[in-house]
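To start, the structure under review is shown below, and the notes come after it.
The values are calculated or read from the model by the stated rules, or taken from the named source; none is laboratory data. The model shown is predicted, which means the values in this text are computed figures rather than measured ones. No Cβ is skipped: glycine too gets one built from the backbone with ideal geometry, and neighbour counts run over all protein chains shown.
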Amino acid sequence: MACKQQKNKKYNVEVDGQGCKDCGYCIEVCPQGVFTQADYFNDKGYRPVQVKSSEACIGCRRCYFACPDFAITINEKPAKEDCREKNI
Ligand code: SF4
Ligand code: SF4
């Protein structure tokens, strides 16, 4: 029997607000609407993108490959202890 946690993987999405140049590519390519524009300006004068709903991320990494400034990090959240211990 497959572990429910493995079937429904969760991801943590982070944007480096100081590295973002507000090109909007990530907003365009994300099928889950994870990103939105921030309500502040960064040190370079750009209004960066911020994460609106990390829990909606499906881990496709389209945003990661679309970002010309390497400002996005996608990390898979670790499976729950009990799934790993039982190896199911
Ligand atoms: S990995 Fe895919 S679903 Fe997740 S934030 Fe990036 S584009 Fe959206
Ligand atoms: S693709 Fe990268 S630089 Fe462009 S808006 Fe998104 S996070 Fe910012």
Only one residue in Asp69, Asp39, Asp22 is out of contact with any strand residue (DSSP E or B) (no Cβ under 9 Å at 6 or more places or on another chain), in a loop (DSSP other than H, G, I, E, B) and at pLDDT 95 or above. Which one?
-> Asp69
Taking Lys44, is it in contact (Cβ under 8 Å) with a residue 60 or more places away in the chain and in a loop (DSSP other than H, G, I, E, B)?
-> no
